[in-house]
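The values are calculated or read from the model by the stated rules, or taken from the named source; none is laboratory data. These figures come from a predicted structure and were not determined experimentally. Positions of Cβ are backbone-derived with ideal geometry, glycine not excepted, and every protein chain shown enters the neighbour counts. Surface areas here come from the heavy atoms of the whole protein model, side chains and all, with no ligands, DNA or RNA. Shrake-Rupley method; radii C 1.70, N 1.55, O 1.52, S 1.80 Å.
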Amino acid sequence: MKKIAVLASGSGSNLQALIDQVHGQEGLIAVVLSNRQNAYALERARKANIPAVFADRKQSAHDSEYDQKILQILQAHDVEAVVLAGYLRILTPILIDAYKNKIINIHPSLIPSFCGDGYYGMRVHQAVYDSGVKVTGATVHFVDSGVDTGPIILQQAVSLTGREQPEEIAAKVLEIEHGLLVEAVKLFLTDQIEIVQRRTIIR
Ligand code: GAR
């Protein structure tokens, strides 16, 4: 069974979906890492008897040194792939190169809209609200050297009426994120995703 790591910065509801629907089945979550000591994601991991590690960015001189420490933790747990489940840091080439086409991210919009540097968490939904679009959604993709630019695995749309506040948009999107992330991670763990240039083809 492939061992994966989950990196999370927040409440970890996407992590919970992976614990409930993937862990011990298609793959094993060997470690959960967070850059925030009080991230509820760490608590969810402990409750599921999964090693939970807080990695303090302040203990590293720069981002590459920080990612080097994370890489060591991943290697110590024999991790073959990484899932970013609400991890609100941008990865350096240290991690991206070590896990090429093996890092999966969930983003709470339909890429290439409302994504890139500065678009994370509620900022995405605020921008969606401000723009007045009638459709948003979620995207699961591989991580490459850009921000939210890697090959897309799955996307799902969410309709908006125009009456939703940003918080309601976030809640509607989060509701579909869990199933989408679980599906994409299962496809990955069972070797059903082929990457052809910028595209993925599901076998
Ligand atoms: C999710 O909406 C996820 O898509 C988003 O953070 C939230 C985490 O929720 N990620 C990003 O914005 C990445 N750019 P969770 O902690 O409950 O899984």
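I'm trying to understand the selection: among the residues of segment 24-41, which are surrounded by fewer than 21 Cβ atoms within 10 Å (Cβ to Cβ) and within 11 Å of the ligand (Cβ to nearest atom)?
Selection gives Arg36, Tyr40.
Sort through Lys186, Lys100, Lys172 and tell me the only one that's within 12 Å of the ligand (Cβ to nearest atom) and among the basic types (Lys, Arg).
Just one listed residue meets the conditions, Lys172.
Please go through (1) under 17 Å from Leu181 (Cα atoms); (2) of a type outside the set (Val, Ile, Thr); (3) within 15 Å of the ligand (Cβ to nearest atom) for Lys3 and return the number of the only condition it doesn't satisfy.
(3)
Just one of Ile50, Ile96 is surrounded by 17 or more Cβ atoms within 10 Å (Cβ to Cβ) and without any contact (Cβ under 8 Å) to a residue 40 or more places away in the chain; which is it?
Ile50
Could you figure out which of (1) touching a Pro at 6+ places or on another chain (Cβ under 9 Å); (2) surrounded by 17 or more Cβ atoms within 10 Å (Cβ to Cβ) isn't true of Ser64?
(2)
Quick one: in segment 103-125, of everything that is of a type outside the set (Asp, Glu) and open to solvent by 60 Å² or more (accessible area, probe 1.4 Å), which residue is nearest to the ligand (Cβ to nearest atom)?
Ranking the qualifying residues of segment 103-125, first place goes to Tyr120.
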